[in-house]
Amino acid sequence: MSEQLVLIEKANGVATLTLNRPDAMNALSRGLRAAISDAVDALEADPEVRVLILTGAGRAFCAGLDLKELGGDTSGLGANAAILNKDPVSSLGRFTGPIIGAINGVAITGGFELALAADVLIASSAARFADTHARVGILPGWGLSQKLSRAVGISRAKELSLTGNFLSADEASAWGLVNRVVAPEDLLPTARKLAADMLSVDPASLVAYKNLIDQGFAQSYGDAMETEQRIGRAANAKVTADAVEQRREAIRQRGQSQTGQA
């Protein structure tokens, strides 16, 4: 029986997608790239799945493209249609719900780009990040050169990308790359708790708000404000006073439970 390159677990509106080449540090072979892409597309089409958790099996999240496989490909990267036309990052970008990256170990180069495709990153204390594109002699094509600078600032991004040095989980947290760092055994429980919190909001708003944030982030500040006003006015005009009142009490009770107030 062939190895399952990705493992998928579904429960209560959440799908956990695990990269499953632990012996190869989940390096992105052609087969794994296609498996991730196909799995994410299928999960996007599943109406029962509203939040996606992405993680890796074994001690690595993802060690990047499979360099051993690429080294034996005489066609060169530019001619590799599997990289250009069917990449997992594009599929993750088409997933309309929130994506939580549960970074369990090293996320290197293409694996770093895979992590940056998530909306929220939770890191195990064992996580490490590195961009070794320049050391391999290739340039990124899945967004790392643009996303990283927006996440940590251009100077820090240049430090990482122009040296290939590793960034620890605690440093990644201090730089704002990851939301929090937890013990390895707490990684998936923390990600699933966050997913449950996301699922507790209005279902339509979960998708619409993520899309609004992403649209605005890709624009200038002025254009983003106009986008928010245009989309917000159209959406809010459909919300009735009764709907707001029904949700108000639930919000009040949640606030009390989270602040410890009676």
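Coordinate-derived values only; no laboratory data. In this text, all values refer to a predicted model and were calculated from it rather than measured experimentally. Positions of Cβ are backbone-derived with ideal geometry, glycine not excepted, and every protein chain shown enters the neighbour counts.
Some notes on this structure:
- Computed extension gain for ARG254 through ARG59, at 0.36 nm per residue and net of the alpha carbon distance, reaches 66.5 nm.
- Cross-link partners of LYS68 among lysines, defined as those whose alpha carbon lies under 25 angstrom from its own and excluding same-chain residues fewer than eight positions apart: LYS86.
- Residues TRP142, TRP175 in ascending order of nearby Cβ atoms (within 10 Å, fewest first): TRP175, TRP142.
- Across every pair of non-identical alpha carbons in the stretch 203-259, the mean reciprocal distance, once inverted, gives a Kirkwood radius of 13.2 Å.
- Where Rh is the Kirkwood radius over Cα pairs, Rg/Rh for the stretch 139-237: 1.05
- Value in Å of the Kirkwood radius, where the chain supplies the Cα pairs that are averaged: 19.7
- Kyte-Doolittle mean at least -0.5, axial Cα span of 15 Å or more - DSSP H helices of the chain: 30-45, 187-199, 203-217
- Distance between the pseudo-spin-label points of GLU159 and ALA234 (7 Å out from Cα toward the beta carbon): 4.2 nm.
- If you take all other residues with their beta carbon under 13 Å from the beta carbon of ARG128, and give Lys and Arg +1 and Asp and Glu -1, the sum is -2.
- Most positive-pole-ward Cα, ALA134, ALA34, ALA224, against dipole of the chain from beta carbon charges: ALA224
- Beta bridge orientation in the chain: antiparallel %, DSSP, nearest 5: 25
- Computed from the Cβ-Cβ distance with R0 of 45 Å, the FRET efficiency linking ILE138 to ALA183 stands at 0.80.
- Under a 5 Å amide H cut-off, with hydrogens placed 1.01 Å from N, SER29 pairs with ASP66 among residues at least 5 apart or on other chains.
- By average C-beta atoms within 10 angstrom, highest first, the peptides 226-233, 46-53: 46-53, 226-233
- Working ranking of peptides 156-167, 205-216, 20-31 by packing, defined as the average number of other Cβ atoms within 10 Å per residue, highest first, is 20-31, 156-167, 205-216.
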